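A.B. asks: Below you'll find the structure I mean.
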Amino acid sequence: MTVYTHYVELILEPGLFQASIGTRPTIVYWHERLLKILHGIFSSNNLHLPITFPEYLSGDFSKLGKKIRVFGLRDELVQFRDLLRQNDWVKLSVKIMEVKDIPSVKKMASFHRVQWPKRNKNTPENYIKKCREFELLPSVKLQSSSNKNWFILGISKKNHDNIIEKGKLDTYGLSGSMNPVVLPDF
């Protein structure tokens, strides 16, 4: 089990709220673009850093909120932060905070990637039910870097009483539902 000791916050730059990005809210575009960049950095640098959304299901801007927190060891996060700062879009759109120690907290949570339900694996009634549940989740539309297909990435949050010893991350920094990476929720 990796014990994460530090975190860095990525915050949406306030100036972006003045801009219009087509028909989508600016914050949705910001999440989509930033998650694509994080995925690229994590994949190409073999970094396995979990992310959280401290404002999940709250705030005026989006169900995901205007902050993303990335957890890791200090050296990993310094490397990650330096790589992230090389991106021109990030320079204009993201306020990257300093690496900080994780505070002592009692609340724990994991953030999971949720796939759109598969029609062929469900009865029609169950498929409709699962689609309705999925539609309630915050989600972003992304394009696969391998096959160029578009997909919807749903994100769910699960609260935990304590840290679970085993956890597995995908290349977006999200947990699998069967093997969650449990992190401090503050």
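The values are calculated or read from the model by the stated rules, or taken from the named source; none is laboratory data. Just so you know, these numbers come straight off a predicted model, no measurement behind them. For neighbour counting, all protein chains shown are included, and Cβ atoms are generated from backbone atoms with ideal geometry for every residue, glycine included. The protein model used for the area step is the full one, side chains on, heavy atoms only, and it has no ligands, DNA or RNA in it. Shrake-Rupley method; radii C 1.70, N 1.55, O 1.52, S 1.80 Å.
A.B. asks: Return yes or no: is residue 111 of a type in the set (Phe, Trp, Tyr), over 24 Å from residue 13 (Cβ atoms) and in contact with a Ser or Thr (Cβ under 9 Å, 6 or more places away or on another chain)?
C.D. replies: So residue 111 fails the test.
A.B. asks: I would also like to ask the following. For residues that are of a type in the set (Phe, Trp, Tyr) and farther than 19 Å from residue 173 by Cα, scanning just the range 100-142, find the one that is most open to solvent (accessible area, probe 1.4 Å).
C.D. replies: Applying the filter and picking the extreme gives 127.
A.B. asks: Could you check how many residues of the range 74-100 are of a type outside the set (D, E, K, R) and either over 23 Å from residue 39 (Cβ atoms) or outside any helix (DSSP H, G or I) (or both)? Let's see the steps before the verdict.
C.D. replies: Step one: list which residues in the range 74-100 are of a type outside the set (D, E, K, R), which gives 77-80, 83-84, 86-87, 89-90, 92-94, 96-97, 99.
From what's left, either over 23 Å from residue 39 (Cβ atoms) or outside any helix (DSSP H, G or I) (or both): 86-87, 94, 96-97, 99.
Residues meeting the conditions: 6.
A.B. asks: What residue, among those in the range 143-159 that are touching a residue at least 40 places away in the same chain (Cβ under 8 Å) and surrounded by 13 or more Cβ atoms within 10 Å (Cβ to Cβ), is farthest from residue 30 (Cα to Cα)?
C.D. replies: 158
A.B. asks: Scan the range 7-16 and give yes if some residue there is assigned to a helix (DSSP H, G or I), at pLDDT below 80, surrounded by 14 or more Cβ atoms within 10 Å (Cβ to Cβ) and not small (Gly, Ala, Ser), otherwise no. First the steps, then the outcome.
C.D. replies: Applying the first criterion (assigned to a helix (DSSP H, G or I)) to the range 7-16 yields 14-16.
Narrowing the set further to residues that are at pLDDT below 80 leaves 14-16.
Then keep just the ones that are surrounded by 14 or more Cβ atoms within 10 Å (Cβ to Cβ); that gives 16.
Checking which are not small (Gly, Ala, Ser) leaves us with 16.
Among the residues of the range 7-16, at least one is assigned to a helix (DSSP H, G or I), at pLDDT below 80, surrounded by 14 or more Cβ atoms within 10 Å (Cβ to Cβ) and not small (Gly, Ala, Ser), which makes the answer yes.
A.B. asks: Here is a further query. Which numbered condition in (1) within 24 Å of residue 26 (Cβ to Cβ); (2) of a type outside the set (Asp, Glu); (3) touching a residue at least 40 places away in the same chain (Cβ under 8 Å) is the only one that residue 175 fails?
C.D. replies: So the condition that residue 175 fails would be (1).
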